[in-house]
1. Explain nothing, just the number: dipole magnitude of the chain about its Cα centre with +1 on each Lys and Arg Cβ and -1 on each Asp and Glu Cβ, in debye rounded to the nearest 20.
2. Could you give the length gained by full extension between residue 35 and residue 205, i.e. 0.36 nm per residue of separation minus their alpha carbon distance, to one decimal place?
3. Nearest 20 debye, what's the magnitude of the dipole of the stretch 174-293 about its Cα centre given +1 on Lys and Arg Cβ and -1 on Asp and Glu Cβ?
4. Kindly rank 18-31, 92-105 from highest to lowest mean number of other beta carbons found within 10 Å of each residue.
5. Jot down the radius of gyration and Dmax of the stretch 278-349, Cα atoms only, both in angstrom.
6. With n ≥ 4 as the cut-off for DSSP H runs, can you work out [θ] at 222 nm for the chain, using -39500 (n - 2.57) per run divided by the number of residues, rounded to the nearest 500?
7. Please report the net charge: other residues with Cβ closer than 9 Å to the Cβ of residue 128, K and R +1, D and E -1.
8. Please report the spacing between the Cα centers of the stretch 265-332 and the stretch 100-123 in Å, no decimals.
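The values are calculated or read from the model by the stated rules, or taken from the named source; none is laboratory data. All values reported here derive from a predicted model rather than from experimental measurement. Ideal geometry is used to build each Cβ from the backbone, glycine not excepted, and the neighbour counts take in all protein chains shown. Accessible surface is based on the protein model in full, side chains and every heavy atom, while ligands, DNA and RNA are left aside. Shrake-Rupley method; radii C 1.70, N 1.55, O 1.52, S 1.80 Å.
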Amino acid sequence: MTTKIGSLIKNSLADGKVSMAEVDGLIKQANADGKLTKGERDELSKLLAKGDKFESAAAKEKLAKLLGVSTNPATTPTAPSAQLTGSKFPTVTTSADPKVFHEEAGKLTYQPIAGGQLFVDGVNGDDIEQGYLGDCFLAASLSSVAYADPKLIENAIQDNKDGTFTVRFYQRTASGSVTPKYVRVDSDFPTAPGYSNPRYARCRDGKEMWVSIMEKAYACFQGSYDTIGNGGAPGDVMSALTGKSSTEYMVKSSNKDVLFAKLTKATQGHIPASLVTYGEEKKDLYNSTGMHAWHTYSILGTSEEGGVKYVQLRNPWGSSEPSGDGVDDGVFNLKLDDFMKLAQAVSID
């Protein structure tokens, strides 16, 4: 390897693992070079093929996004027995725009995203930014599912080619059976005066719409933005997206090594997972930690370095994290011991 990227790859592999910081370095060099040459693309593709060399699934996914490829098999995920079998969702009536959060009633208007596209380079777990609504449980769950299986999200949204989109959720009945439910929404989103971006959840790419569409559809599914704007259970969201039943573990009563093994198995198996922190009554616990009380984080992977175990997390804000990796993208590694102190509960789908 003679290119600058080739040298970086060689250095990255020197210790046997490619970290998130090293992936960020590769991306920075690629951007500095402008357009990737065929040789550089081949080098990066060969690195991506060495899936077991990455410190975490998130690091691998980030490099895959640079190359415009998927790290998951391009297959339709296995779904419950109630899975839709046809290529078309059933026709349903377009839902009325859901009520905005009660404190913003009369202050927002529904506006389209100029030049908006459903997907830009497909679905990625790093697309999500929560926005000004207290639905971190939803934003983090979307990110968890998108990291674990982006095709599941893509297959859950149908572009009706008339300015509306149909989203499929799953609903579990009292008897335990799972039924698909379809919500049809248009692409107008609550927007504050003088702004062009949606007020609530959105994609990092201002032209990409899938996050805002999923949030709007989920608000309709639950009743309104006001209904989902005061928090909720991430396990319920993940189940609504996958049709599977989520399991919640209270961290305080869990054995840390057993819980770490469960998280490792889940994230390596492309199973979405998330955590919730303690409420405002324990906000002092989070002083100087870089994490926040009454918040939900995506769990992206696990790693071990020098005998120290880490859990990789993502803040659904797309920023705000403990210092250390030099990139404020919301993705960070947390020592397992700190994880056990700061996490209240973990949900694994």
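1. Details: 38 positive and 43 negative charges, 154 e Å.
Rounded to the nearest 20 debye, it is 740 debye.
2. Numbers: separation 170, 0.36 × 170 = 61.20 nm, distance 1.95 nm.
Length gained, residue 35 through residue 205: 59.3 nm.
3. Values: 14 positive and 12 negative charges, 64 e Å.
Using only the charged Cβ atoms, the result is roughly 300 debye.
4. Details: 18-31: 18.7, 92-105: 14.9.
By packing density, highest mean first, the sequence is 18-31, 92-105.
5. Cα only, the stretch 278-349: 11.9, 35 Å (Rg, Dmax).
6. Working: 11 runs with 111 residues, N = 349.
Estimated from H runs of four or more residues: -9500 deg cm²/dmol.
7. Details: positive: 202, 204, 314; negative: 126, 127, 129.
Result for the local shell: 0.
8. For the stretch 265-332 versus the stretch 100-123, the Cα centre distance is 27 Å.
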